[in-house]
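Engineer: If you scroll down you'll find the structure; I have some questions about it.
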Amino acid sequence: MKRIELFLLLALLLPGACTQKPAGPVVGITCSRSSSGSTLLPTAYSSAVSRAGGVPVVIPTVGSQAEADAVVAAVDGMVFSGGEDVDPAWYGEAVWNETVAVDAVRDSSDMLLARATLAAGKPILAICRGSQLLNVALGGTLLQDIPSQLPFNVGHNGFFHKIGLSEGCVLARIFGPDSLSVNSMHHQAVKDPAPGVTVTARTADGIVEAWEADHIWAVQFHPEKMLAAGDEEWLALFSAYVDRL
């Protein structure tokens with residue numbers, strides 16, 4: 001992130017920087033980058049947060065722990081969004097095959113932001129890549145390519161499928177105890193859950209589709225896409241998250 005971008009972000013968010021308080025809790029959202037380095041984020045994320053009563057702020061990549069700490073200090077919670085694969089080097093493995101596509105700049109930035117948010121104890125909603133990244137940040141590992149590492153899977157790339165919920169988990173409290181039908185757009189997933197991670201939803205093939213830890217709700221699927229497509233029930237997840245802030 002350029003220093004002027006960080007300065008403008010903090011000027012908007014820090015207490016006393018403006019006379020009018022935000023309309024709701026301020027939620028930072030991590031982003032992808034284009035090949036030229038431009039900040040990219042589907043509007044479904046910010047729309048979901050806004051509709052749930054939060055004030056979404058897109059966070060460009062940061063370059064130091066000090067920058068990450070400053071950004072996290074200025075928000076009430078963080079959404080870690082979907083996107084590229086997490087470099088296996090972060091969990092001590094070599095690249096599995098040619099399907100693994102990483103962005104080293106984003107990995108570094110997201111890890112800095114994850115560490116800052118975890119240290120601050122602020123609530124996290126982690127989606128798709130975000131779920132994978134937070135598991136790695138906490139000490140877990142990933143399946144790098146589901147089709148080749150788990151050939152007999154239910155179909156996780158562009159399909160809808162059912163997930164079974166653990167009794168009493170966040171998703172069960174919001175939507176009820178029955179299985180949910182969710183979208184699936186990923187070829188990686190949690191392999192070894194990190195210490196402190198409680199897996200709360202899986203598919204029939206055993207793939208982790210949701211987990212929880214202190215201050216973290218993580219889902220492998222894309223509730224923001226389902227909400228944007230008109231499935232209004234998924235607003236409840238974002239509303240429950242914003243209500244925590």
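Engineer: Show me the helices (runs of 4 or more DSSP H) found entirely inside the stretch 146-245 where at least 3 residues are modelled with pLDDT of 95 or more.
Structural biologist: Details: elements: 146-149, 170-175, 223-228, 235-243.
Per the criteria, 170-175, 223-228, 235-243.
Engineer: Just one of (1) of a type in the set (A, V, I, L, M, F, W, C); (2) at pLDDT 95 or above; (3) assigned to a loop (DSSP other than H, G, I, E, B) trips up residue 100, so point out which.
Structural biologist: Looking at each condition in turn, residue 100 falls short on (2).
Engineer: Name the pairs: first residue in the stretch 150-161 and in contact (Cβ under 8 Å) with a residue 12 or more places away in the chain, second residue in a loop (DSSP other than H, G, I, E, B) and surrounded by fewer than 16 Cβ atoms within 10 Å (Cβ to Cβ), Cβ to Cβ under 8 Å, at least 6 apart or on different chains?
Structural biologist: Taking only residues 6 or more apart or on different chains, the pairs are 150/205; 150/206; 152/205; 153/205; 154/204; 154/205; 161/155; 161/204.
Engineer: Restricting the search to the stretch 36-71, which residues are among the hydrophobic types (A, V, I, L, M, F, W, C) and either without any contact (Cβ under 8 Å) to a residue 12 or more places away in the chain or within 30 Å of residue 233 (Cβ to Cβ) (or both)?
Structural biologist: From the stretch 36-71, those among the hydrophobic types (A, V, I, L, M, F, W, C) are 40-41, 44, 48-49, 52, 55, 57-59, 62, 66, 68, 70-71; that's our starting set.
Hits for the stretch 36-71 are 40, 41, 44, 48, 49, 52, 55, 57, 58, 59, 66.
Engineer: Would you please name the residue that is nearest to the chain's Cα centre (by Cα), looking only at residues in the stretch 115-133 that are buried (at least 19 other Cβ atoms within 10 Å of the Cβ) and assigned to a helix (DSSP H, G or I)?
Structural biologist: By that ranking, first place goes to 130.
Engineer: Quick one: is residue 62 assigned to a loop (DSSP other than H, G, I, E, B), modelled with pLDDT of 95 or more and buried (at least 18 other Cβ atoms within 10 Å of the Cβ)? Reasoning before the result, please.
Structural biologist: Working: assigned to a loop (DSSP other than H, G, I, E, B): yes; modelled with pLDDT of 95 or more: yes; buried (at least 18 other Cβ atoms within 10 Å of the Cβ): yes.
For residue 62, the condition - assigned to a loop (DSSP other than H, G, I, E, B), modelled with pLDDT of 95 or more and buried (at least 18 other Cβ atoms within 10 Å of the Cβ) - is met.
Engineer: Among the numbered criteria (1) in contact with a Gly (Cβ under 9 Å, 6 or more places away or on another chain); (2) among the aliphatic types (A, V, I, L, M); (3) in a loop (DSSP other than H, G, I, E, B), which one does residue 95 miss?
Structural biologist: (1)
Engineer: Here's something else I'd like to know. Given (1) buried (at least 17 other Cβ atoms within 10 Å of the Cβ); (2) touching a Leu at 6+ places or on another chain (Cβ under 7 Å), identify the lone condition not met by residue 219.
Structural biologist: (2)
Engineer: Quick check: is even one residue across the stretch 86-99 buried (at least 21 other Cβ atoms within 10 Å of the Cβ) and either small (Gly, Ala, Ser) or in contact with a His (Cβ under 6 Å, 6 or more places away or on another chain) (or both)?
Structural biologist: So the first thing to find is which residues in the stretch 86-99 are buried (at least 21 other Cβ atoms within 10 Å of the Cβ), and the list is 86.
Checking the rest, the ones that are also either small (Gly, Ala, Ser) or in contact with a His (Cβ under 6 Å, 6 or more places away or on another chain) (or both) come to none.
Within the stretch 86-99 (the criterion being buried (at least 21 other Cβ atoms within 10 Å of the Cβ) and either small (Gly, Ala, Ser) or in contact with a His (Cβ under 6 Å, 6 or more places away or on another chain) (or both)), the answer is no, since none of the residues qualifies.
Per-residue answers, yes or no, for (1) in a loop (DSSP other than H, G, I, E, B); (2) among the hydroxyl-bearing types (Ser, Thr, Tyr); (3) within 23 Å of residue 215 (Cα to Cα):
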| residue | (1), (2), (3) |
| --- | --- |
| 35 | yes, yes, no |
| 47 | no, yes, yes |
| 56 | no, no, yes |
| 70 | no, no, yes |
| 79 | no, no, yes |
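Engineer: Hey, can you tell me all the residues within the stretch 65-97 that are among the polar types (S, T, N, Q), closer than 22 Å to residue 189 by Cβ and modelled with pLDDT of 95 or more?
Structural biologist: 81
The values are calculated or read from the model by the stated rules, or taken from the named source; none is laboratory data. Here the structure is a predicted model, which is why all the values come from computation and not from measurement. Cβ sites come from the backbone with ideal geometry, for glycine too, and all protein chains shown count toward neighbours.
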